[in-house]
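Please read the structure below before turning to the comments.
The values are calculated or read from the model by the stated rules, or taken from the named source; none is laboratory data. Here the structure is a predicted model, which is why all the values come from computation and not from measurement. Here the Cβ positions follow ideal geometry from the backbone for every residue, glycine too, while neighbour counts run over all protein chains shown. Please note that ligands, DNA and RNA were not included when accessible areas were found on the heavy atoms of the full protein model with its side chains. Shrake-Rupley method; radii C 1.70, N 1.55, O 1.52, S 1.80 Å.
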Amino acid sequence: MQPRGLILLAAATLFLVALAVAALATGDRTVSRAAPGETALPVLAGKLDQVALVGLKRSALELTFVRDGDGWLVAEKDKYPAAAGKVRQIVLGMADLAFVEPKTQKADLYPRLELDDPGKGKSTLVTLKDKWGATLGELIVGKRRYDRLGAGNDGVYIRQPGDPQAWLARGSLEFSDQLSSWLDRRILDLPEKRIARVTLTQPDGDKLVLTRATPDAEFTVEEAPSEAKFKSETATRQPAMALEALDLDDVKPAHDMPVPDKDVFAASFVTFDGLTVDVRLFDNDNLHWIVVSAAGAGTAEAEAKEIEGKVGRWAYAVPSYKTTALNTKLADLLEPAKGS
């Protein structure tokens, strides 16, 4: 190569090096500091046991989960128990994220990847902190791409707050705007086979009492008219199923949702082994709310205390199909009169 050519090559090389140095010095993010294959949050992997707070910020929902032993509580719900499995999945999912390839740095393209600034669009800001408040990891998480990387490996778009560079990462994170999905939804699970007696009381005092002598027997209606024709054995058994797999739609501290003085339905369930569960049902803000209490003797005493400890300070909004069972009347069990 001629001396003149060598001089020109050296000058060009020095010019490119100078541009790179200037870009790094001025914070120009067109020169990426991350590399494909790197863990997105390298500090987190060694500190998973130190995560004491998980924050989620979406446009429609903002929640803070606080560690409580092996479980998690929802700060915005007066520390009601969270769906612990879902919170653990977030922590582990954040630790597993690894960069695959850089994407856009243009803010006007973020919506395509669901990576808008927190509180806008469909993005989710995830923040993990230790018990002293130090941040262990924080990312804006966007659209999930199922099997994007082949062989069943999902991808997800991410970027760090304050950094314009968007990335496709290997990993899987999923979020919901439905509040109840983040809560421990199960209130009670009292199988119908355990129920010996059900007493349902209407606001006007009218009562429906269903009883049976053994778990395999059919329920009978106490003081039913002799001419009464019931729809089916299934219909008379339905009220006893009200506390089976009973899940919440929402929850509030009982002192924030007091039982009113009128228009309250009452239901009492007695099991064959001596457990009594009492439920009061009322409507508020277009939702069906219940408060629950329990008592027991003998072998059922410990179970009653456990139930009371779980439900005693809460009022629960429950699905309509459960309230239908709780406010059943005698007329609901009877065949319609001929000609009606």
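Could you tell me how many of the residues in the range 284-299 are surrounded by fewer than 16 Cβ atoms within 10 Å (Cβ to Cβ) and in contact with a Pro (Cβ under 9 Å, 6 or more places away or on another chain)?
1
Just need a number here: residues in the range 138-156 that are under 24 Å from Leu44 (Cα atoms) and open to solvent by 40 Å² or more (accessible area, probe 1.4 Å). Write out each step before concluding.
As a first pass, look at the range 138-156 and keep what is under 24 Å from Leu44 (Cα atoms): 138-145, 149, 153-156.
Filter once more, keeping what is open to solvent by 40 Å² or more (accessible area, probe 1.4 Å): 138, 143-145, 149, 153.
Number of matching residues: 6.
Based on what the data block shows, is Thr135 farther than 23 Å from Pro42 by Cβ and of a type in the set (Val, Ile, Thr)?
no
Identify the single condition in (1) in contact with an Asp or Glu (Cβ under 6 Å, 6 or more places away or on another chain); (2) open to solvent by 60 Å² or more (accessible area, probe 1.4 Å); (3) under 16 Å from Val318 (Cα atoms) that Asp249 does not satisfy, given that it satisfies every other one.
(1)
Can you tell me how many residues in the range 289-314 are assigned to a strand (DSSP E or B) and more than 18 Å from Ser268 (Cβ to Cβ)? It would help to see each step written out before you state the result.
At the first step, the residues of the range 289-314 found to be assigned to a strand (DSSP E or B) are 289-296, 314.
Now restrict to residues that are more than 18 Å from Ser268 (Cβ to Cβ): 314.
Here the count works out to 1.
Residue-wise test of (1) touching a helix residue (DSSP H, G or I) at 6+ places or on another chain (Cβ under 7 Å); (2) hydrophobic (A, V, I, L, M, F, W, C); (3) closer than 20 Å to Ala240 by Cα; (4) in contact (Cβ under 8 Å) with a residue 40 or more places away in the chain.
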residue	(1), (2), (3), (4)
Arg280	no, no, yes, no
Val291	yes, yes, yes, no
Gly296	yes, no, yes, no
Ala317	no, yes, yes, yes
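Output the residue which, of all residues in the range 300-331 that are within 15 Å of Leu200 (Cβ to Cβ) and basic (Lys, Arg), is surrounded by the fewest Cβ atoms within 10 Å (Cβ to Cβ). Reasoning before the result, please.
Step one: list which residues in the range 300-331 are within 15 Å of Leu200 (Cβ to Cβ), which gives 322-331.
In the following step, the residues that additionally are basic (Lys, Arg) were identified as 322, 329.
Values: Lys322: 23, Lys329: 12.
Per the criteria, the residue is Lys329.
Filter the range 58-74 for residues that are open to solvent by 50 Å² or more (accessible area, probe 1.4 Å) and either in contact with a Lys or Arg (Cβ under 9 Å, 6 or more places away or on another chain) or closer than 19 Å to Asp130 by Cβ (or both) and give the result.
Of the residues in the range 58-74, the ones open to solvent by 50 Å² or more (accessible area, probe 1.4 Å) are 59-60, 62, 67-70.
Ser59, Arg67, Asp68, Gly69, Asp70 - these are the residues of the range 58-74 that are open to solvent by 50 Å² or more (accessible area, probe 1.4 Å) and either in contact with a Lys or Arg (Cβ under 9 Å, 6 or more places away or on another chain) or closer than 19 Å to Asp130 by Cβ (or both).
Within the group Thr234, Thr211, Thr201, Thr220, which residue is β-branched (Val, Ile, Thr) and in contact (Cβ under 8 Å) with a residue 24 or more places away in the chain? Spell out the reasoning first.
Values: Thr234 fails: in contact (Cβ under 8 Å) with a residue 24 or more places away in the chain; Thr211 fails: in contact (Cβ under 8 Å) with a residue 24 or more places away in the chain; Thr220 fails: in contact (Cβ under 8 Å) with a residue 24 or more places away in the chain.
Step by step, each of Thr234, Thr211, Thr201, Thr220 is checked, and only Thr201 is β-branched (Val, Ile, Thr) and in contact (Cβ under 8 Å) with a residue 24 or more places away in the chain.
Within the range 78-106, which residues are open to solvent by 50 Å² or more (accessible area, probe 1.4 Å), part of a helix (DSSP H, G or I) and over 14 Å from Tyr157 (Cα atoms)?
Lys86, Arg88, Gln89, Leu92
Would you check which residues across the range 315-339 are assigned to a helix (DSSP H, G or I) and under 26 Å from the mean Cα position of the chain (by Cα) and list them? Working first, answer last.
At the first step, the residues of the range 315-339 found to be assigned to a helix (DSSP H, G or I) are 320-326, 330-333.
The answer is Ser320, Tyr321, Lys322, Thr323, Thr324, Ala325, Leu326.
Mind checking whether some residue in the range 73-95 is of a type in the set (Val, Ile, Thr), farther than 30 Å from Arg313 by Cα, in contact with a strand residue (DSSP E or B) (Cβ under 6 Å, 6 or more places away or on another chain) and touching a residue at least 12 places away in the same chain (Cβ under 8 Å)? Full working, then the answer.
First, the residues of the range 73-95 that are of a type in the set (Val, Ile, Thr): 74, 87, 90-91.
Cutting the leftovers down to farther than 30 Å from Arg313 by Cα gives us none.
No; the residues of the range 73-95 include none that is of a type in the set (Val, Ile, Thr), farther than 30 Å from Arg313 by Cα, in contact with a strand residue (DSSP E or B) (Cβ under 6 Å, 6 or more places away or on another chain) and touching a residue at least 12 places away in the same chain (Cβ under 8 Å).
For residues that are over 13 Å from Lys329 (Cβ atoms) and among the aliphatic types (A, V, I, L, M), scanning just the range 199-227, find the one that is farthest from the chain's Cα centre (by Cα).
Ala213
Can you pull out the residues in the range 68-98 that are more than 12 Å from Leu183 (Cβ to Cβ), among the charged types (D, E, K, R) and within 15 Å of the chain's Cα centre (by Cα)?
Within the range 68-98, Arg88 is the sole residue that qualifies.
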